[in-house]
Amino acid sequence: MAAADYYEILDPRFARLFNGNAQVEKLFTGCQWAEGPAWFAAGRYVVWSDIPNNRMLRYDETDGNVSVFRQPSGNSNGNSVDRQGRLITCEHSGRRVSRTEFDGSVTTIAAKWKGKRLNSPNDAVVKSDGSIWFTDPSYGIDTDYEGDRAESEIGACHVYRVDPGTGEVEAVITDMVRPNGLAFSLDESKLYVVDTGRTHGAQNPAHMRVFDVGKGGKKVSGEKVFADCTAGLFDGFRLDEDGRIWTSAADGIHCYDPDGTLIGKVKVPEVTANCVFGGNKLNCLYIAGTTSLYMVRLMVNGAKTY
């Protein structure tokens, strides 16, 4: 197969980011909705979620073996790794953000805001100060498919920050329809957040917004639309070492330059939900695509902050 079967160049800047001989490899299939891959460098493995099957899977890069990491998983969705190397997980039916400790025990990081249960945490990112920022749309309580159907106690979908010292949960963005994937810029001066509100009405957004992070690192302001999705919906995304955004979409992974230009695509034969950079040199992009886990080796390295 030719490079054109795997990559689409929309701007000359994309051409140097991939090797035309590098194929998009299917590593595993059999999921119902694959999501939230997280890379563990020490063990050289990827953990990701299979939401409807209420399990987390583990791909071992050293031998290609796939095993069940945790089941039940609280209908886990997004996963991340904190600065100490611990797993941070957003649970739909658990309606919480949890942390897996080094001894295997699981600690609740956030489950309520102002005394009310969260909807269904979706994706999380850990800032360099140890604070955990996460999105809380309603996908896990809308139906029984991704969690347990229930009414929202909060009545809205927000982006939250968990203080690393006090554990206080604070709403930092309250005007999004369905906040989804999120990540900080390399210098943490900006916060990117996807709004997949289009799932709840054609009049709602299907875009990524960017916010300025305040000097104290606890507040955001100055929002603007960074990019509108040109194929389906954005979902989860990660940044490379040069600040480019690699985000999921209906036809694969879209690559955006920091100036907001869509410069190219990695084509995947299934709707993609999330991705993460992994491998010894962080040049392997692992992709969660509906029923499968994919991987492609790139000519660029992922940011070391994730």
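Can you work out which of the residues in the stretch 136-177 that are in a loop (DSSP other than H, G, I, E, B) and of a type in the set (A, V, I, L, M, F, W, C) is farthest from Gly222 (Cα to Cα)? Working first, answer last.
Residues of the stretch 136-177 that are in a loop (DSSP other than H, G, I, E, B), as a first pass: 137-138, 143-157, 163-168, 174-177.
With of a type in the set (A, V, I, L, M, F, W, C) added as a condition, the list becomes 150, 154, 156-157, 176-177.
Details: Ala150: 34, Ile154: 25, Ala156: 21, Cys157: 20, Met176: 14, Val177: 18 Å.
The extreme case among them is Ala150.
In the stretch 159-205, how many are of a type in the set (Val, Ile, Thr) and either under 16 Å from the mean Cα position of the chain (by Cα) or under 23 Å from Leu239 (Cβ atoms) (or both)?
Of the residues in that region, 7 qualify.
Note down all Cβ pairs under 6 Å where the first residue falls in the stretch 195-214 and is more than 12 Å from Asn180 (Cβ to Cβ), the second is assigned to a loop (DSSP other than H, G, I, E, B) and among the small types (Gly, Ala, Ser), and they're at least six residues apart or on different chains.
Cβ pairs passing all conditions: Val213/Ser189.
Enumerate the pairs (first residue in the stretch 84-105 and at positive phi; second residue anywhere and open to solvent by 10 Å² or more (accessible area, probe 1.4 Å) and not in a loop (DSSP other than H, G, I, E, B)) with beta-carbon separation below 6 Å, excluding pairs fewer than 6 apart on the same chain, so at least 6 apart or on different chains.
Going by the 6 Å Cβ cut-off, the qualifying pairs are Arg95/Arg117.
Of the residues that sit in the stretch 28-56 and are among the polar types (S, T, N, Q) and part of a strand (DSSP E or B), which one is most open to solvent (accessible area, probe 1.4 Å)?
Result: Thr29.
Taking the stretch 227-252, which residues are assigned to a strand (DSSP E or B) and either hydroxyl-bearing (Ser, Thr, Tyr) or open to solvent by less than 30 Å² (accessible area, probe 1.4 Å) (or both)?
Once the filter is applied, which keeps residues that are assigned to a strand (DSSP E or B) and either hydroxyl-bearing (Ser, Thr, Tyr) or open to solvent by less than 30 Å² (accessible area, probe 1.4 Å) (or both), the stretch 227-252 yields Ala227, Phe237, Arg238, Leu239, Asp240, Ile245, Trp246, Thr247, Ser248, Ala249, Gly252.
I'm trying to understand the selection: among the residues of the stretch 190-226, which are on the phi > 0 side of the Ramachandran plot and out of contact with any Asp or Glu (no Cβ under 7 Å at 6 or more places or on another chain)?
Taking the stretch 190-226 first, the residues on the phi > 0 side of the Ramachandran plot are 201, 217, 222.
The one that is on the phi > 0 side of the Ramachandran plot and out of contact with any Asp or Glu (no Cβ under 7 Å at 6 or more places or on another chain): Gly201.
Quick one: Arg95 ticks every box in (1) open to solvent by 10 Å² or more (accessible area, probe 1.4 Å); (2) more than 18 Å from the chain's Cα centre (by Cα); (3) under 27 Å from Asn204 (Cα atoms) bar one, so which box is it?
(2)
Look at the stretch 108-126 and say how many of its residues are assigned to a strand (DSSP E or B), more than 15 Å from Gly181 (Cβ to Cβ) and either open to solvent by less than 50 Å² (accessible area, probe 1.4 Å) or aliphatic (A, V, I, L, M) (or both).
The number of residues fulfilling the criteria is 3.
The values are calculated or read from the model by the stated rules, or taken from the named source; none is laboratory data. Computed from a predicted model, the values in this text were never measured in an experiment. Here Cβ is always computed from backbone atoms with ideal geometry, including for glycine, and neighbour counts include all displayed protein chains. These area figures cover heavy atoms from the full protein model, side chains too; ligands, DNA and RNA do not enter into them. Shrake-Rupley method; radii C 1.70, N 1.55, O 1.52, S 1.80 Å.
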